[in-house]
Amino acid sequence: MFDRDSFSNEEDYIEFIRVAKDKNFLAITSPCFEVWLLLHQENSVEKIILQNYEAILGNCRISNNHSFVNDVTSNILGMNPKRRIPRNFILNNINVAIEQEKLINNNIFRMFNEVGSNIGSLILEMRDEDL
């Protein structure tokens, strides 16, 4: 599991994906993990992500401590995702996040240039294995 913004070069990102995907399930958020957290809100794609798409994708620093997405996440969810994420928040809203994730990019090869996540896909796969 990693953030797409760990890579500054698309070519390096794609090469890493090609090599790593053969033996691993790659759970990726683009540009960062806070996107996955935002998906835990009802209608987050329509009300948050699409309305701020370019700013989220660019995820510029707005202060020494915050990027754009970190700030949006803190303001909307009322928590600092860099410090502590309440477990109940994740567990109580996981199905919302999985459904919201289906409305954005899930293709890891396209995540360098698009807001996306496939963490929900990993969770669904893990649920299927438990059956």
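The values are calculated or read from the model by the stated rules, or taken from the named source; none is laboratory data. None of these values were measured; they are calculated from a predicted model. Reconstructed Cβ throughout: ideal geometry from the backbone, glycine too, with neighbour counts over all protein chains shown. Calculation scope for accessible area: heavy atoms of the full protein, side chains included, ligands and nucleic acids excluded. Shrake-Rupley method; radii C 1.70, N 1.55, O 1.52, S 1.80 Å.
For n ≥ 4 DSSP H runs only, could you compute -39500 (n - 2.57) per run for the chain, divide by its residues and tell me the 222 nm figure to the nearest 500?
Numbers: 6 runs with 60 residues, N = 131.
Taking each H run of at least 4 residues, the total per residue is -13500 deg cm²/dmol.
About its Cα centre, segment 50-119 has a charge dipole of approximately 320 debye under the convention of +1 per Lys or Arg Cβ and -1 per Asp or Glu Cβ, with nothing else charged. With 0.36 nm allotted per residue and the present C-alpha distance subtracted, the residue 21-residue 65 stretch has 12.6 nm of extension available. Computed about the Cα centre, the dipole magnitude for segment 5-53 is approximately 180 debye when only Lys and Arg (+1) and Asp and Glu (-1) carry charge, each at its Cβ. Couplings 3J(HN,Hα) for segment 66-81, derived from phi with the Karplus relation 6.51 cos²θ - 1.76 cosθ + 1.60 (θ = phi - 60°), are 10, 9, 4, 5, 4, 5, 4, 4, 4, 5, 6, 8, x, 8, 8, x Hz, where x marks Gly and Pro.
Let me check something: with ligands and nucleic acids excluded, how do 4, 84, 127 order by accessible area (1.4 Å probe), largest to smallest?
Details: 4 20, 84 165, 127 95 Å².
Highest to lowest solvent-accessible surface, that is 84, 127, 4.
Sorted largest first, the principal axis extents computed over the alpha-carbon atoms of segment 44-88 equal 28, 27, 13 Å.
Listed values for segment 87-98 are Karplus-derived 3J(HN,Hα) couplings in whole Hz (6.51 cos²θ - 1.76 cosθ + 1.60, θ = phi - 60°), namely 4, 5, 4, 5, 5, 6, 10, 4, 5, 4, 4, 4, and x replaces Gly and Pro. Over the chain, with a Gaussian network built from C-alpha contacts below 10 Å, which listed residue (27, 55, 97) shows the highest mean-square fluctuation? Its mean-square fluctuation being the largest, the pick is 55. Taking 1, 111, 79, 126 and ordering them by how much accessible surface each has at a 1.4 Å probe, largest first, produces 1, 126, 79, 111. Of the residues 35, 19, 72, which exhibits the maximal mean-square fluctuation in a Gaussian network model of the chain defined by a 10 Å Cα contact cut-off? Residue with maximal mean-square fluctuation among 35, 19, 72: 19.
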